[in-house]
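Here the structure is laid out as structure tokens; the discussion comes afterwards.
The values are calculated or read from the model by the stated rules, or taken from the named source; none is laboratory data. Source: prediction; values computed, not measured. In case anyone asks, the SASA skips ligands and DNA or RNA and just uses the protein heavy atoms, side chains included. Shrake-Rupley method; radii C 1.70, N 1.55, O 1.52, S 1.80 Å.
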Amino acid sequence: MLTLDLPSINVRERIQSSSRILLIEDEELIRNMIALNLEEEGYEVIKTSNGREALNILERQQLPSSEDNIDMVILDLMLPEVNGLDICRLLRYRGNMIPILILSAKAAETDRVLGLEVGADDYLTKPFSMRELVARCRALIRRNSFNNVTPESVRQYKDITLFSDECRVIVRGEEVNLSPKEFRLLELFMTYPKRVWDREQLIENIWGADFLGDTKTVDVHIRWLREKLEKDPSNPEYLITVRGFGYRFG
């Protein structure tokens, strides 16, 4: 049975969640409950119960003249006319990399692996918590928005220059050696200067959502970065701690 636990609405997340989600689910009750929870979070939801109609919606969304871009797809597998796996395969074959979250009652490992192998970004089995569904949607949309930022080959901030294509960092005229995780952290910070990141967001974007270690690893890497970047690591001017929230750059 589907559990209906409405997530609490955070003001900051509501501001960020002006995205459009295509919900493809043939069970009316589940479809309406999911739509209600997502709309409560500020998302716009387009609903359909038919696989072929979903493909038509996505084809219209890809047109250059379209002003109604869809930011992610929630996809049931057992659908009329065109099933969910075929939809997923077809989208990826056409080069459409829109985030896809599969919903399915098929909980076997082979089913989950198959869903991910045909191109889904995430797989959630029924029954599921609405709170978890909303969190997964938020994570997929956020990650996709970061990935769609056109990277600059060179980033400069005060005495720090980062060369993305060369994986090099120059600090006050001298090259510093960074580990891959340190480099990616710095690149993310310099891509979004002044933005505050909490540990969970940094873990998700640098280590990945399936990371099972302690979030304190973020603090360790920040300390290592400060030792390599700051004139005085105990009084940083680049990597700033925002107490109660996380870290920001600059």
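For region 136-250, the number of Lys pairs with C-alpha atoms closer than 17 Å, counting only pairs eight or more positions apart or on separate chains, is 5. Taking amide H as placed 1.01 Å from N in the peptide plane, the amide H of Phe128 sits under 5 Å from that of Thr3, each at least 5 places away or on another chain. Taking all C-alpha pairs of region 94-133, those more than 15 Å from each other amount to 41 percent.
Here the 3J(HN,Hα) profile of region 195-209, calculated from phi with Karplus coefficients 6.51, -1.76 and 1.60 at θ = phi - 60°, is 6, 8, 10, 8, 4, 4, 5, 5, 4, 4, 7, 9, 8, x, 5 Hz, Gly and Pro shown as x. Counted residue by residue at 0.36 nm each, then reduced by the alpha carbon distance between them, the extension gain from Asn50 to Lys126 reaches 25.5 nm.
Can you give me the orientation-averaged projected area of the convex hull built on the Cα atoms of region 155-223, in nm²?
Working: hull surface 19.6 nm².
Mean projected area for region 155-223: 4.9 nm², to one decimal.
The mean sequence distance of close C-alpha pairs (under 8 Å, at least 6 residues apart), as a share of the length of region 89-221, puts its relative contact order at 13 percent. A viscosity of 0.890 mPa s and a temperature of 25 °C, combined with the Kirkwood radius over Cα pairs in Stokes-Einstein, give a translational diffusion coefficient for region 211-250 of 228 µm²/s.
Given the alternatives (i) 120; (ii) 130; (iii) 150, volume of the Cα convex hull per residue in Å³ as computed for this entry is given by (iii). Per-atom-type breakdown for the chain gives carbon and sulfur 49% of the accessible area (1.4 Å probe, protein chains only). All distinct Cα pairs of region 72-174 go into the 1/r average, and the inverse of that average, the Kirkwood radius, is 16.2 Å.
For a straight C-alpha distance cut-off of 28 angstrom, the lysines reachable from Lys47 (same-chain residues fewer than eight places away being disregarded) are Lys106, Lys126.
Could you order Glu166, Glu132 so the one with the most accessible surface comes first? Probe is 1.4 Å.
Working: Glu166 105, Glu132 75 Å².
The residues order as Glu166, Glu132, largest area first.
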